[in-house]
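The values are calculated or read from the model by the stated rules, or taken from the named source; none is laboratory data. These numbers were taken from a predicted model, which means no experiment stands behind them. Cβ placement follows ideal geometry from the backbone for every residue including glycine, while neighbour counts extend to all protein chains displayed.
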Amino acid sequence: MFTARFSRAEIASIALRLVREVVIVSVAAGIILVAGRYANPSRFPALPFSLWPSPADRSLVTVGSRVGLRKPNNLSSQPSLILVTNERCPHCKANTAFHRALLALAAGRHIPAYVALPSVQKQTPYLKSIASADTRSLDWADLDFKVKGTPTIVSVGAGGVVKGIWIGELSELRQKEFLSAYGTTSDWPGPDPPVRRIQDLANLTPKSSLNEEELASLARIAEVAVVDTRERPDYKNDHIAGAINIPIFELPLRASMELSRAGTQVLDCRNQTDVNCEYAAKSLDEDGFKRILYLKYGSYFEACPWKQSGVE
């Protein structure tokens with residue numbers, strides 16, 4: 001019978017490797033346990049993976065940014081509408097009737113409208129199912145910006161400045177509200193609700209949504225902290241002056257140390273999904289913060305990731 005014999009040096013080397021592997025496994029298990037403590041699905045809803053862009057991506061469209069086209073020409077000088085969509089995205093297909101109605105509404109009001117697809121040539125039948133005769137078609141490569149997911153509606157004001165962004169599959173109720181607002185106002189890209197009086201702002205019920213003008217008014221009469229829960233690179237690229245950046249998964253650790261429970265916490269939802277905003281509000285609420293408001297809640301819904309088609 002063959003018997004393996006090892007020198008003392010070989011035995012020591014094997015033992016060292018075993019100890020090293022045990023340490024690595026133990027550390028990994030510890031990280032998983034800690035992550036489970038702060039990302040417990042029973043505590044917060046799961047976040048769709050498509051909502052998190054690459055930190056290195058600095059060309060994502062945001063409200064207030066300036067956008068244009070690489071070809072054939074730049075955007076119209078007048079207010080316009082861009083629908084970024086994809087036949088392969090189930091959320092886009094689910095909103096086909098809504099997108100068709102929206103583009104027809106834009107055509108009826110002589111608003112330049114663009115539909116951007118991964119490839120117009122490859123998705124021509126889908127384009128014909130939603131576009132009106134006046135709709136201009138573009139490949140994604142023609143845009144000088146990217147979006148977080150599809151479908152995305154980008155409302156562009158004069159000079160190419162983005163006035164509004166709606167990301168994802170809108171509910172039937174939200175579709176009706178959207179079409180009603182765009183169909184009755186002479187001020188495209190649609191009206192915000194009337195600005196509330198300053199005394200009304202002081203008595204808003206928790207989880208109410210306000211706009212930028214109302215936020216400025218509220219900050220004059222109350223202790224307000226604007227909380228931006230995006231990742232650091234996105235915050236650094238563009239944010240409200242004075243906003244506190246606490247990435248969403250860091251809220252349970254940092255909120256109690258950096259925010260005042262006596263004040264009002266305003267979650268910046270302009271470039272966040274409803275899921276993310278509700279996640280952040282739940283985290284703050286469970287940590288004892290009771291005066292929580294949203295800035296521009298309701299502009300971002302379930303979406304497909306930008307690169308799902310594999311075109312890029």
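Observations, loosely collected:
- Annotation note: of Ala262, Ala241, the sole residue that is part of a loop (DSSP other than H, G, I, E, B), in the same structural domain as Asp285 (by TED's automatic domain parsing), aliphatic (A, V, I, L, M) and within 16 Å of Glu213 (Cα to Cα) is Ala241.
- The stretch 216-230 - residue that is assigned to a loop (DSSP other than H, G, I, E, B) and buried (at least 16 other Cβ atoms within 10 Å of the Cβ) and, of those, modelled with the highest pLDDT: Thr229
- Qualifying residue in the stretch 248-258 (condition: surrounded by fewer than 17 Cβ atoms within 10 Å (Cβ to Cβ) and assigned to a loop (DSSP other than H, G, I, E, B)): no
- Residue check, Thr264 at pLDDT 90 or above, within 12 Å of the chain's Cα centre (by Cα) and over 18 Å from Val147 (Cβ atoms): no
- Checking the stated criteria, Gln272 turns out to be within 18 Å of the chain's Cα centre (by Cα) and either at negative phi or at pLDDT below 90 (or both).
- Test result for Pro233, surrounded by fewer than 18 Cβ atoms within 10 Å (Cβ to Cβ), assigned to a loop (DSSP other than H, G, I, E, B) and in contact (Cβ under 8 Å) with a residue 60 or more places away in the chain: no
- Filtered residues of the stretch 156-171 (kept if assigned to a loop (DSSP other than H, G, I, E, B) and surrounded by fewer than 20 Cβ atoms within 10 Å (Cβ to Cβ)): Gly157, Ser171
- Pairs with Cβ under 7 Å, 6+ apart, first in the stretch 92-109 and on the phi < 0 side of the Ramachandran plot, second modelled with pLDDT under 90 and of a type in the set (D, E, K, R): Ala94/Glu169; Asn95/Glu169; Ala107/Asp134
- Filter pass, Lys296 being surrounded by fewer than 18 Cβ atoms within 10 Å (Cβ to Cβ) and charged (D, E, K, R): no
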